[in-house]
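Asks: My structure is below; once you've seen it, I'll send some questions.
The values are calculated or read from the model by the stated rules, or taken from the named source; none is laboratory data. Remember, predicted model here, so these are calculated numbers, not experimental data. Cβ placement follows ideal geometry from the backbone for every residue including glycine, while neighbour counts extend to all protein chains displayed.
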Amino acid sequence: TINRSTIAPTLKQYRYISHEVSKDKLIVFDTTLRDGEQSPGVTLKTEEKLEIARHLSALGIDVIEAGFPIASQGDFEAVARIAKEVGPLMTGREKTGKPVIIAGLSRAAEKDIKRCYEAVSHAPLHRIHTFLATSDIHLKYKLKFDRDECRKRAAAAVAYAKTLCDDVEFSSEDSGRSDKDFLCRVLEEVIEAGVTTVNIPDTVGYSNPEEYGRLIKYLIKNTRGSDKVIWSTHCHDDLGLATANTLSGILNGARQIEVSINGIGERAGNTPFEEVIMNIHTHPDYYPVYHTINTQQIYRTSNIVSSLSGMVIQPNKAIVGANAFLHESGIHQDGVLKNKLTYEIIRPEDVGIFNVNLVLGKLSGRNAFRTRLEELGYGDMSEDDVNVAFGRFKALADNKKRITDHDILALLSDRVSSG
Ligand code: KIV
Ligand code: ZN
């Protein structure tokens, strides 16, 4: 039986008491395991999802969207296991001081919402995330009902979700192409029904930063009850603007961002987590928010997600690409040798890259190999597993001069799948 949860967080818990009193806490909502897993060609096994979820928790992510429980029995079980096994973890969560919130997605229908609650409610902190499209294009061609029906269904979905859990998020799918005033009316109804987070997806990556920022500002100003909820961004990268749009959303009042590791997701992907966080890190005085992410975990989490999802990171990818901290030309190398500030705006160690110049090859020893494993997120390997991997590494190094992180991850690729 389903009972209203007594331990779901209230809005007050989000309002952080921090030494940085003048700034608001930015809630980081990671959707790698839901929207990210919707990347063409990506299917993660439950054990792989659990491993990613553990890393996300240790990274300091505030909300993990663990999946879409009604989508399949497998998705349901994965979300339930993440809720049970990762939901209570406190490792690496000193800055946030509380466990991660486990969320699941559901359409605006009672059976979806109930199924979602059954999966997420195993976590000490959990959230139901329900969505309904609000653009005329989606209403006419996909949903085949009118604006009035849309308003009613959105409000009814939130009202039902609130009978199960305090923490409820509503997303107005395709907000980027929805009529602004109609959107305000829908959001007023869901706020009235008790929603705690309102998410504004630019589902097809259509907006530009100025437009998206203006939309967030307009909605906050013109929706009754807007001060009772957290406003959230959810951007897609079809035009390469997801990071810029998300940052513009923050500048215009959003206090939650929905992102994925390495930006994996439908089509061109979601907003890359690492890019938004390092923009804020690099311009601390510019953004009116602070976050509680352990940035030194970024590189290893990125590598784990890349290796388990099979989504290779392009070498010149911002923040986590293999070339992101390498200097090739003579002039740049000379500058960096004199003073790193000449060509480095981020210290590699701030994202967890400690040995940018350490190239592994056949003369490298077991210690250097083990250190690299730790940096890549495999610090928990047993001595036996390390020995096996080191043997494989030496065999490869006989035929290849420079061993990359990607080569090392390939050497370990059977580790997770074999359990
Ligand atoms: O892009 C989108 O609209 C979504 C919603 C379901 C949140 O992923
Ligand atoms: Zn999306």
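Asks: Going by what's in this entry, would Ile61 be described as closer than 21 Å to Thr301 by Cβ, among the hydrophobic types (A, V, I, L, M, F, W, C), part of a helix (DSSP H, G or I) and in contact (Cβ under 8 Å) with a residue 40 or more places away in the chain?
Replies: Values: closer than 21 Å to Thr301 by Cβ: yes; among the hydrophobic types (A, V, I, L, M, F, W, C): yes; part of a helix (DSSP H, G or I): no; in contact (Cβ under 8 Å) with a residue 40 or more places away in the chain: yes.
In short, no.
Asks: Any chance segment 209-232 includes a residue that's under 22 Å from Phe68 (Cβ atoms), part of a helix (DSSP H, G or I), more than 14 Å from ligand 2 (Cβ to nearest atom) and not hydroxyl-bearing (Ser, Thr, Tyr)? Before you say what the answer is, go through the steps one by one.
Replies: Keep residues of segment 209-232 that are under 22 Å from Phe68 (Cβ atoms), which gives 230, 232.
Going one step further and asking which of them are part of a helix (DSSP H, G or I), we end up with none.
No, that holds for no residue.
Asks: Being crowded, with 24+ Cβ neighbours inside 10 Å and in contact (Cβ under 8 Å) with a residue 12 or more places away in the chain: is that true of Asn262 here? Give the derivation first.
Replies: Values: crowded, with 24+ Cβ neighbours inside 10 Å: yes; in contact (Cβ under 8 Å) with a residue 12 or more places away in the chain: yes.
Yes; evaluated as a whole, the condition is true for this residue.
Asks: I'm checking my understanding of the structure. Among residues of segment 120-154 that are of a type outside the set (D, E, K, R), in a helix (DSSP H, G or I) and touching a residue at least 24 places away in the same chain (Cβ under 8 Å), which one is nearest to Ile61 (Cα to Cα)? Even if it seems obvious, please write down each step before you answer.
Replies: As a first pass, look at segment 120-154 and keep what is of a type outside the set (D, E, K, R): 120-126, 128-135, 137-139, 141, 143, 145, 150, 154.
Still in the list and also in a helix (DSSP H, G or I): 120, 137-139, 141, 143, 150, 154.
Adding the requirement that they be touching a residue at least 24 places away in the same chain (Cβ under 8 Å) leaves 120, 137-138, 150, 154.
Details: Val120: 16, Ile137: 34, His138: 31, Cys150: 32, Ala154: 28 Å.
Among them, the one singled out is Val120.
Asks: May I ask you to say which residue of Arg177, Arg185 is in contact with a helix residue (DSSP H, G or I) (Cβ under 9 Å, 6 or more places away or on another chain) and away from ligand 2 (no atom under 16 Å from the Cβ)?
Replies: Details: Arg177 fails: away from ligand 2 (no atom under 16 Å from the Cβ).
From the options Arg177, Arg185, the qualifying one is Arg185.
Asks: Within segment 309-332, is even one residue exposed (fewer than 12 other Cβ atoms within 10 Å of the Cβ), in contact (Cβ under 8 Å) with a residue 12 or more places away in the chain and farther than 30 Å from Gly41 by Cβ?
Replies: Taking segment 309-332 and keeping what is exposed (fewer than 12 other Cβ atoms within 10 Å of the Cβ), we get 312, 314, 316, 323, 328-331.
Keeping just the survivors that are in contact (Cβ under 8 Å) with a residue 12 or more places away in the chain gives 312.
If we keep only those that are farther than 30 Å from Gly41 by Cβ as well, we get none.
Within segment 309-332, not a single residue is exposed (fewer than 12 other Cβ atoms within 10 Å of the Cβ), in contact (Cβ under 8 Å) with a residue 12 or more places away in the chain and farther than 30 Å from Gly41 by Cβ.
Asks: Among the numbered criteria (1) in a helix (DSSP H, G or I); (2) loosely packed, with under 13 Cβ neighbours inside 10 Å; (3) of a type in the set (S, T, N, Q), which single criterion is violated by Thr371?
Replies: (2) is the only condition that Thr371 fails.
Asks: Restricting the first residue to segment 243-259 and requiring it to be within 13 Å of ligand 1 (Cβ to nearest atom), which pairs with a second residue that is aromatic (Phe, Trp, Tyr) and modelled with pLDDT under 95 meet a Cβ separation below 9 Å and a spacing of at least six or different chains?
Replies: Pairs found: Gln256/Tyr14.
Asks: Which residue, of Val190, Val158, Val198, is touching a Phe, Trp or Tyr at 6+ places or on another chain (Cβ under 7 Å), over 17 Å from Ile216 (Cα atoms) and not in a loop (DSSP other than H, G, I, E, B)? First the steps, then the outcome.
Replies: Working: Val190 fails: over 17 Å from Ile216 (Cα atoms); Val198 fails: over 17 Å from Ile216 (Cα atoms).
That would be Val158, the only listed residue that is touching a Phe, Trp or Tyr at 6+ places or on another chain (Cβ under 7 Å), over 17 Å from Ile216 (Cα atoms) and not in a loop (DSSP other than H, G, I, E, B).
Asks: Return the residue satisfying two criteria in turn: it lies in segment 25-47 and is crowded, with 20+ Cβ neighbours inside 10 Å and more than 16 Å from ligand 2 (Cβ to nearest atom), and of such residues it is farthest from Thr197 (Cα to Cα).
Replies: Residues of segment 25-47 crowded, with 20+ Cβ neighbours inside 10 Å: 25-37, 39, 44.
Right, trim to more than 16 Å from ligand 2 (Cβ to nearest atom) and you get 25-27, 44.
On the way: Lys25: 14, Leu26: 13, Ile27: 11, Leu44: 28 Å.
The residue in question is Leu44.
Asks: Right, another one. Given Ala108, Ala78, Ala71, which one is in contact with a helix residue (DSSP H, G or I) (Cβ under 6 Å, 6 or more places away or on another chain) and under 29 Å from Ser178 (Cβ atoms)?
Replies: Values: Ala78 fails: under 29 Å from Ser178 (Cβ atoms); Ala71 fails: in contact with a helix residue (DSSP H, G or I) (Cβ under 6 Å, 6 or more places away or on another chain).
Unique residue meeting the criteria: Ala108.
Asks: Being in contact with a helix residue (DSSP H, G or I) (Cβ under 9 Å, 6 or more places away or on another chain) and modelled with pLDDT under 95 is the filter here, so list the residues in segment 9-36 that pass it.
Replies: Once the filter is applied, which keeps residues that are in contact with a helix residue (DSSP H, G or I) (Cβ under 9 Å, 6 or more places away or on another chain) and modelled with pLDDT under 95, segment 9-36 yields only Leu11.
Asks: Something else now. Given the options Ala108, Ala119, name the one that is over 20 Å from Gly265 (Cβ atoms), surrounded by 24 or more Cβ atoms within 10 Å (Cβ to Cβ) and either within 16 Å of ligand 2 (Cβ to nearest atom) or not hydrophobic (A, V, I, L, M, F, W, C) (or both).
Replies: Working: Ala119 fails: either within 16 Å of ligand 2 (Cβ to nearest atom) or not hydrophobic (A, V, I, L, M, F, W, C) (or both).
So the residue among Ala108, Ala119 that is over 20 Å from Gly265 (Cβ atoms), surrounded by 24 or more Cβ atoms within 10 Å (Cβ to Cβ) and either within 16 Å of ligand 2 (Cβ to nearest atom) or not hydrophobic (A, V, I, L, M, F, W, C) (or both) is Ala108.
Asks: Return yes or no: is Lys162 within 16 Å of ligand 1 (Cβ to nearest atom) and out of contact with any helix residue (DSSP H, G or I) (no Cβ under 9 Å at 6 or more places or on another chain)? Spell out how you get there, then give the answer.
Replies: On the way: within 16 Å of ligand 1 (Cβ to nearest atom): no; out of contact with any helix residue (DSSP H, G or I) (no Cβ under 9 Å at 6 or more places or on another chain): yes.
No, not satisfied.
Asks: With the condition being farther than 25 Å from Ile220 by Cβ, I'd like the helices (runs of 4 or more DSSP H) fully within segment 241-321 carrying at least 2 qualifying residues.
Replies: Numbers: elements: 242-251, 273-282, 298-309.
So the answer is 273-282, 298-309.
Asks: Of the residues Thr203, Thr196, only one is more than 14 Å from ligand 1 (Cβ to nearest atom) and buried (at least 21 other Cβ atoms within 10 Å of the Cβ); which?
Replies: On the way: Thr203 fails: more than 14 Å from ligand 1 (Cβ to nearest atom).
Result: Thr196 is the single residue among Thr203, Thr196 that is more than 14 Å from ligand 1 (Cβ to nearest atom) and buried (at least 21 other Cβ atoms within 10 Å of the Cβ).
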